[in-house]
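Down below is the structure, laid out as structure tokens.
The values are calculated or read from the model by the stated rules, or taken from the named source; none is laboratory data. In this text, all values refer to a predicted model and were calculated from it rather than measured experimentally. Cβ sites come from the backbone with ideal geometry, for glycine too, and all protein chains shown count toward neighbours.
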């Protein structure tokens, strides 16, 4: 197996290495802080008077969508190989669905044969498409373009996915994800292919065994889905030749990233589409390159930074509207000379301190708004600086509690602490990191592949 050469400018080596170190630090900080926050929620739950049902829901959401995914991400970096082993990976680093189909041909030929075979391109995962698939599944309404969760191969999520709905509901469906192979890349054994695909059948909706998230549950007989994909292509295009690499993978395929069992004979069919004609028809609407598409964690992180700016703006507004309340703790006791031990400030001095504090808070709010915008645009230095500020804030809280200071409470510092932890979790995620460190010199759509649309 060969790997494409990676060009690293000499002038950028130290900066890239530094970014990697910071990313690893913030990634670990986010995981540890998430565990601490979950512990605080358990501890504070006994003080909340609004019922254990709400707490149970919040605790499950924190555990399933923040703590367990980050812990899996940290651990899988240690024990999951970072090279091709015939499995895709989830965004948390867990081993996902088996790679069970390979193809030869251009992107245009692949899209044409999949459309002829009755498959539909899946939508991007967005808030709108996520809400639509939830309502469609619950109400059993058809959603032919229902999105599929991202899986990663070659360090990136699928280029696109196709699906076939079953029984008029996205709860059951055939679906297959496609990745374009890097230039010069070879399968183990030296076989060259243009595309790799992972196809499985969604049989129901349930809870993930490993993360407790709500997700689709796949049928364990992945060979049946593999054969269905190849058969549908062969039926649509009789010129498509198929050859099989026997025992390409072994029986270690036991569970996927959702904890579903997998049974396979390990064979890998290679479908040759190079003889498929591509007439001048409109290309299907396809997802954009995942590296250039602004991911949800980046949007959430920018929103949290903006929320921190709004909190600072609210504090500044209280300085203006209620100056007496902020000045009172600074004033000297009545009748004091101002020279005794423990004496406070005079009214004029307290007013100057209030004005200075107001200026600092306003500048902080403006700086946070600027950072939020730059994070939203995908500036890596802004992302790193934002996580650094949150890390310092969390560290100060830890030091204060360790030195016997006031504990973390819902009425005081828990909301701010939660915001900082969520911010680090969002911006240190793989999708946000890849987006922030993408090469902006490359256009979003580059030279077209033969017979297909522009490469993404």
Select from the range 148-171 the residues that are assigned to a loop (DSSP other than H, G, I, E, B) and out of contact with any strand residue (DSSP E or B) (no Cβ under 8 Å at 6 or more places or on another chain) and write down the one among them that is nearest to residue 257 (Cα to Cα). 155
Could you check, for the range 268-291, whether at least one of its residues is part of a loop (DSSP other than H, G, I, E, B), surrounded by 18 or more Cβ atoms within 10 Å (Cβ to Cβ), in contact with a strand residue (DSSP E or B) (Cβ under 8 Å, 6 or more places away or on another chain) and at pLDDT 80 or above? yes
Of the listed residues (91, 142, 129, 136), the one being farther than 22 Å from residue 249 by Cα, assigned by TED's automatic domain parsing to the domain that holds residue 184, within 20 Å of the chain's Cα centre (by Cα) and without any contact (Cβ under 8 Å) to a residue 60 or more places away in the chain is 129
Is it fair to say residue 105 is in contact (Cβ under 8 Å) with a residue 60 or more places away in the chain, surrounded by 19 or more Cβ atoms within 10 Å (Cβ to Cβ) and touching a helix residue (DSSP H, G or I) at 6+ places or on another chain (Cβ under 9 Å)? yes
Tally, over the range 113-129, of residues that are assigned to a helix (DSSP H, G or I) and surrounded by fewer than 16 Cβ atoms within 10 Å (Cβ to Cβ): 3
For residue 184: the one exception among (1) at pLDDT 90 or above; (2) on the phi < 0 side of the Ramachandran plot; (3) surrounded by fewer than 14 Cβ atoms within 10 Å (Cβ to Cβ): (2)
Within the range 210-226, the count of residues that are crowded, with 19+ Cβ neighbours inside 10 Å and in a helix (DSSP H, G or I) comes to 3
Specify which of the listed residues (96, 108) is in the same structural domain as residue 198 (by TED's automatic domain parsing), outside any loop (DSSP other than H, G, I, E, B) and closer than 25 Å to residue 70 by Cβ. 96
Output yes when any residue across the range 187-200 is closer than 17 Å to residue 96 by Cα and assigned to a loop (DSSP other than H, G, I, E, B), and no when none is. no
Scanning the range 130-144 residue by residue, those part of a loop (DSSP other than H, G, I, E, B) and closer than 20 Å to residue 206 by Cα turn out to be 140, 141, 142, 143
Could you tell me which numbered condition residue 205 fails, if it satisfies all but one of (1) within 22 Å of residue 133 (Cβ to Cβ); (2) outside any helix (DSSP H, G or I); (3) out of contact with any helix residue (DSSP H, G or I) (no Cβ under 8 Å at 6 or more places or on another chain)? (3)
Per the list (1) out of contact with any strand residue (DSSP E or B) (no Cβ under 7 Å at 6 or more places or on another chain); (2) more than 27 Å from residue 236 (Cα to Cα); (3) surrounded by fewer than 21 Cβ atoms within 10 Å (Cβ to Cβ), residue check on residue 137 breaks on (1)
Among the candidates 173, 231, 255, 177, which residue alone is touching a residue at least 12 places away in the same chain (Cβ under 8 Å) and either surrounded by fewer than 21 Cβ atoms within 10 Å (Cβ to Cβ) or over 27 Å from residue 123 (Cβ atoms) (or both)? 255
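Conditions tested, residue by residue: (1) in contact with a strand residue (DSSP E or B) (Cβ under 7 Å, 6 or more places away or on another chain); (2) modelled with pLDDT of 85 or more; (3) surrounded by 15 or more Cβ atoms within 10 Å (Cβ to Cβ).
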{"site": "20", "(1), (2), (3)": "no, no, no"}
{"site": "38", "(1), (2), (3)": "no, no, yes"}
{"site": "60", "(1), (2), (3)": "no, no, no"}
{"site": "66", "(1), (2), (3)": "no, no, yes"}
{"site": "69", "(1), (2), (3)": "no, yes, yes"}
